[in-house]
Amino acid sequence: MKSVMTTTISAADAAGRFPSSSDLESVQGNIQRAAARLEAAEKLASNHEAVVKEGGDACFAKYSYLKNPGEAGDSQEKVNKCYRDVDHYMRLVNYSLVVGGTGPLDEWAIAGAREVYRTLNLPSASYVAAFAFTRDRLCVPRDMSAQAGGEYVAALDYIVNALT
């Protein structure tokens with residue numbers, strides 16, 4: 001799984017060298033932010049059901065036409081699948097926070113997501129709306145510390161940018 005540490009080591013190994021000073025500074029910065037990332041991961045894990053529900057609700061509030069006949073959410077089964085997908089992405093955000101890199105999102109979510117959504121006639125903008133709402137809803141210090149919030153927002157920004 002890709003993280004700052006594995007990327008740094010892989011790049012140095014591919015070049016047949018030891019990690020440089022700047023490589024090690026990058027790893028050190030990642031380690032220094034670990035406590036904030038783990039706090040964000042813990043807060044997300046302890047409240048994930050509400051986060052997923054609010055994100056999914058925001059998606060359908062912004063794109064209410066999705067519940068029209070012939071659209072991506074025209075049955076309860078399809079609506080449930082949307083919430084399931086939001087839950088899946090939020091678990092991957094959690095995993096990314098734990099490992100300190102975007103590997104879980106890159107490997108299990110983003111690669112090919114646009115093509116899948118296009119093939120299944122699922123608008124990626126609706127997922128973007130769910131993640132943007134979730135990101136924008138964060139309240140520091142009510143939900144988590146400022147440092148943890150920064151890590152959480154960065155992970156959600158990564159998804160939003162990848163699906164846009």
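For the structure I just gave you, tell me whether Ala154 is in contact with a Cys (Cβ under 7 Å, 6 or more places away or on another chain) and either assigned to a helix (DSSP H, G or I) or open to solvent by less than 20 Å² (accessible area, probe 1.4 Å) (or both). Talk me through it step by step, then tell me what you get.
Values: in contact with a Cys (Cβ under 7 Å, 6 or more places away or on another chain): no; either assigned to a helix (DSSP H, G or I) or open to solvent by less than 20 Å² (accessible area, probe 1.4 Å) (or both): yes.
Spelling it out, it is not the case that Ala154 is in contact with a Cys (Cβ under 7 Å, 6 or more places away or on another chain) and either assigned to a helix (DSSP H, G or I) or open to solvent by less than 20 Å² (accessible area, probe 1.4 Å) (or both).
Output yes when any residue across segment 55-62 is part of a helix (DSSP H, G or I), free of Cβ contacts under 8 Å to residues at least 12 places away in the same chain, within 27 Å of Gly101 (Cβ to Cβ) and open to solvent by 50 Å² or more (accessible area, probe 1.4 Å), and no when none is. Quick ask: steps written out before the conclusion?
Pass one, segment 55-62, residues part of a helix (DSSP H, G or I): 55-62.
Applying the additional criterion that residues be free of Cβ contacts under 8 Å to residues at least 12 places away in the same chain yields 57, 61.
When the remaining residues are screened for being within 27 Å of Gly101 (Cβ to Cβ), the result is none.
Checked segment 55-62: no residue is part of a helix (DSSP H, G or I), free of Cβ contacts under 8 Å to residues at least 12 places away in the same chain, within 27 Å of Gly101 (Cβ to Cβ) and open to solvent by 50 Å² or more (accessible area, probe 1.4 Å).
Summed over segment 1-23, residues that are surrounded by 13 or more Cβ atoms within 10 Å (Cβ to Cβ) and out of contact with any helix residue (DSSP H, G or I) (no Cβ under 7 Å at 6 or more places or on another chain) total 5.
Results for (1) in contact with a Lys or Arg (Cβ under 6 Å, 6 or more places away or on another chain); (2) modelled with pLDDT of 95 or more, shown as yes or no for each residue.
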{"site": "Glu39", "(1), (2)": "no, yes"}
{"site": "His88", "(1), (2)": "no, no"}
{"site": "Arg91", "(1), (2)": "no, yes"}
{"site": "Gly101", "(1), (2)": "yes, no"}
{"site": "Tyr117", "(1), (2)": "no, no"}
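Taking the criterion of being open to solvent by 80 Å² or more (accessible area, probe 1.4 Å) and among the acidic types (Asp, Glu), the only residue of segment 63-87 that qualifies is Glu77. Only a single item in (1) hydrophobic (A, V, I, L, M, F, W, C); (2) more than 19 Å from the chain's Cα centre (by Cα); (3) assigned to a helix (DSSP H, G or I); (4) surrounded by 14 or more Cβ atoms within 10 Å (Cβ to Cβ) is not met by Ile31, and it is number (4). Just one of (1) under 14 Å from Val52 (Cα atoms); (2) assigned to a loop (DSSP other than H, G, I, E, B); (3) of a type outside the set (A, V, I, L, M) fails for Arg142. It is (1). The set of residues in segment 34-54 that are exposed (fewer than 15 other Cβ atoms within 10 Å of the Cβ) and within 17 Å of Val128 (Cα to Cα) contains only Lys53.
The values are calculated or read from the model by the stated rules, or taken from the named source; none is laboratory data. This structure is a prediction, so every number in the text was calculated from the model and none was measured. Ideal geometry is used to build each Cβ from the backbone, glycine not excepted, and the neighbour counts take in all protein chains shown. Side chains included, ligands, DNA and RNA excluded: accessible areas come from the protein's heavy atoms. Shrake-Rupley method; radii C 1.70, N 1.55, O 1.52, S 1.80 Å.
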